Amino acid sequence: MDILYGQIEQAIRNHSLLMLVPKGTTQDDVYQCIRRIIRENPDIFWFAFQWEWEEFSEHVKRVVFRYVFPKSKVEDIKNRIEEVINLDFQIDYVRTLSPLERVAYVYKWIISYCNYNLNSAFNQSIYSVFLLRNSVCMGYAKAAQYLLMRLDIDCRLVFGQLKGSEDFSRHCWNFLKLDNAYYHMDVCLGDNKLNSILMESGINAIWEMNGITYNLFCVPTEE
């Protein structure tokens, strides 16, 4: 499976339109690899889980990839994102901070820089956060993951559901490692404009400072 993962990741990074899959590969194998790629590589903003499985015979099968941005625009967008990270986020300065300070900086910066907007475009990727400055939980979590990974902090995506939310609704946040311990962090719900959602989920006391809510900043799994 790791070999297939690497092949698909490389195809997506090369903006390949299709890929023949090795003999014996199933559609579910491809699905599981693509899901991992999307969750582990937040920098891949030009691909949004859009693909098709084509089976011509028992031995000839391929994957057709669909992209949200043409290859001709990807490099320019990468450069624009990098400019934001260097000039607005000031990553060189953040690297001088302690691990906990880096996490806090990322948390506060994303909340201050980006606005929650259910109708934001490309809101499943870091593009929506860094360039449009409008996103939803997935965009927030991927942006945090991307920045923290670049700051040498292990950070992953978590998918679940908020207590009290509608049936079949989904939410996304981060799981990160600090001082050999793991913590949950929900950057999206750090925006005090969404405090009502926290209240509806059962949180009674809101911990807020300067427009930023800290109830879900680096909390252990039990909490």
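When peptides 36-47, 138-149, 89-100 are ranked by their average number of other Cβ atoms within 10 Å per residue, the highest-first order is 138-149, 36-47, 89-100. Between Met19, Met209, Met185, where does the largest GNM mean-square fluctuation fall for the chain, given springs only between Cα atoms within less than 10 Å? The residue with the greatest mean-square fluctuation here is Met209. Note down the relative contact order for the range 72-223 as a percent, whole number, built from C-alpha pairs under 8 angstrom at least six residues apart. Contact order relative to length: 17 percent. With helices as the sole contributors, the chain gives -10500 deg cm²/dmol at 222 nm; each DSSP H run of n ≥ 4 counts as -39500 (n - 2.57), and the sum is divided by every residue. On a per residue basis, the range 58-99 carries 63 Å² of accessible surface, using protein heavy atoms and a 1.4 Å probe. Sorting 72-84, 3-15 by their mean Cβ neighbour count within 10 Å, with the most densely packed peptide first, gives 3-15, 72-84. The phi torsions of the range 179-191, fed into the Karplus equation with coefficients 6.51, -1.76 and 1.60 and a -60° offset, translate into couplings of 6, 6, 10, 10, 9, 8, 9, 10, 5, 4, 7, x, 6 Hz, rounded to whole numbers, with Gly and Pro shown as x.
Karplus-based coupling profile of the range 78-83, in residue order and whole Hz: 4, 5, 5, 5, 4, 5, with θ = phi - 60° in 6.51 cos²θ - 1.76 cosθ + 1.60 and x standing for Gly or Pro. Using a/c under 1.5 as the rounded threshold, could you call the chain rounded, prolate or oblate? The axes a ≥ b ≥ c are square roots of the C-alpha gyration tensor eigenvalues, and prolate needs a/b larger than b/c, oblate otherwise. Because a/c hits 1.5 or more and a/b exceeds b/c, the chain counts as prolate. Expressed as a whole percent, the accessible area of the range 88-130 that falls on carbon and sulfur atoms is 48 (1.4 Å probe). The charge dipole of the chain, taken about its Cα centre with unit charges on the Cβ of Lys, Arg, Asp and Glu (plus for the first two, minus for the last two), comes to roughly 420 debye.
The angle between the Cα long axis of helix 99-113 and the longest principal axis of the Cα atoms of the chain comes to about 90 degrees, rounded to the nearest 10. Relative contact order, whole percent, for the range 1-159 stands at 19, derived from Cα pairs under 8 Å and 6 or more residues apart. Using the basic label-point model (7 angstrom from Cα toward the beta carbon), what is the Ala121 to Glu200 distance in nanometres? Distance between label points: 2.8 nm. Put the Cα centre of the range 10-69 next to the Cα centre of the range 86-127 and the gap is 29 Å.
The values are calculated or read from the model by the stated rules, or taken from the named source; none is laboratory data. Computed from a prediction, not measured in an experiment: that's the story for all the values here. Don't worry about glycine lacking a Cβ; one is built from the backbone with ideal geometry, like all the others, and counts go over all protein chains shown. Surface accessibility is based on the protein's heavy atoms, side chains included, excluding ligands, DNA and RNA. Shrake-Rupley method; radii C 1.70, N 1.55, O 1.52, S 1.80 Å.
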